[in-house]
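Data first, discussion second: the structure below is written as structure tokens.
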Amino acid sequence: MTSSTRKTALVVSAHSADFVWRAGGAIALYAARGWDVIVVCLSFGERGESAKLWRQPGMTLERVKSERKEEALRAAEVLGAQVRFLDVGDYPMRIDNSTLGELVRIYREARPEFVLTHSLTDPYNFDHPLASHVAQEARIVAQAHGHDPATPVIGAPGVFLFEPHQPEQCDWKPQVILDITSVWEKKAAAFRVMAAQEHLWEYYERVALQRGAQGARNSDRQMKYGEAYQRVFPLVGDELR
Ligand SMILES: [Zn+2]
């Protein structure tokens, strides 16, 4: 397939590592099927999600950003995705109209079949729901005929919310469990690239095993590792299953 005929998926990640923990399995699975998977990192997680780097003496914001960027690029390469960094800053994250417009351009250029992003609420992290808000706002602007009429509008790609760190507090439920057993080794290899957040490797393996066990229990699949999502929009089809 040429790049123009390949299907595309879009991942909108608040910080440079979120896509690895929360959507690495889906990314590796679809990349292995020949899809173009585009990850947009709104920030590098330079202030809020880089504690290990900040403990090193003499660390600077620019060095943290560049190390987190390198890690994200290497993790994306392991998973088979392309990454775009918008560098809007984190803790606090703020989104202006030019960033929103850039994301709309990415939607119209990529024309994704589906979008993965953060949960709608998260009392532990204000950047994550903001990333979810902007991912959805950009999707709707990209559907608007009156916005930049020179480029074609997009359809209605499904939006799937990846698993937050503490799901119960975030009003998030696992409505879709993706079997990522076949690509687990790739997801685990991408974890290991994230040296700044080594404390999360084991935690996210436990999450994948838990969702894998639930996936097997809710289906006839023999699966070991799962990755769960909550849907924003209804599933549309001509059968109940
Ligand atoms: Zn994050």
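Computed per residue of the chain from DSSP H runs no shorter than four, each worth -39500 (n - 2.57), the mean residue ellipticity at 222 nm is -12500 deg cm²/dmol. Per residue, how much accessible surface does the chain expose to a 1.4 Å probe? Answer in Å², no decimals. It amounts to 51 Å² per residue over the chain.
Distance between the C-alpha centres of the range 161-228 and the range 1-40: 16 Å, rounded to the whole angstrom. Taking amide hydrogens as placed 1.01 Å from N in the peptide plane, the amide H of VAL232 sits under 5 Å from those of VAL159, LEU161, each at least 5 positions away in sequence or on another chain. Rounded to whole numbers, the Karplus 3J(HN,Hα) couplings from phi for the range 11-22 are 10, 10, 10, 5, 10, 5, 9, 4, 5, 6, 5, 9 Hz, using 6.51 cos²θ - 1.76 cosθ + 1.60 with θ = phi - 60°, and x at Gly and Pro.
With all protein chains in place and a 1.4 Å probe, the accessible surface of the range 83-225 carries 51 percent carbon and sulfur.
Proximity of backbone amide H atoms, modeled 1.01 Å from N, is registered between PHE114 and LEU10 at under 5 Å, excluding neighbours fewer than 5 places apart on the same chain.
Candidate cross-link partners of LYS224 among the aspartates and glutamates, defined by an alpha-carbon separation under 19 Å and a same-chain spacing of 8 or more, comprise GLU163, ASP179, GLU185, GLU202, GLU205. Size descriptors for the range 128-229 (Cα atoms only): Rg and Dmax, in that order, 17.3, 49 Å. Working note: Karplus 6.51/-1.76/1.60 with θ = phi - 60° gives the range 69-82 the couplings 5, 4, 4, 4, 5, 5, 5, 5, 5, 4, 7, x, 10, 9 Hz, where Gly and Pro are set to x. Remark: relative contact order (the range 31-160) = 25 percent; criterion is Cα-Cα distance under 8 angstrom and separation of 6 or more residues.
The equivalent ellipsoid that matches the C-alpha gyration tensor of the chain spans semi-axes of 25, 24, 17 angstrom, in descending order. Amide H to amide H, with H built 1.01 Å from N, VAL37 comes under 5 Å of ALA9, GLN82, counting only residues 5 or more places away or on other chains.
Hydrodynamic radius of the range 72-114 by the Kirkwood approach over all distinct alpha-carbon pairs: 12.2 Å. Both radii come from the Cα set of the range 32-115: Rg as radius of gyration, Rh as Kirkwood radius; their ratio Rg/Rh reads 1.02.
The values are calculated or read from the model by the stated rules, or taken from the named source; none is laboratory data. Since the model is a prediction, treat every value here as computed from it, not as a measurement. Side chains are part of the model used for accessible areas, which takes the heavy atoms of the whole protein and leaves out ligands, DNA and RNA. Shrake-Rupley method; radii C 1.70, N 1.55, O 1.52, S 1.80 Å.
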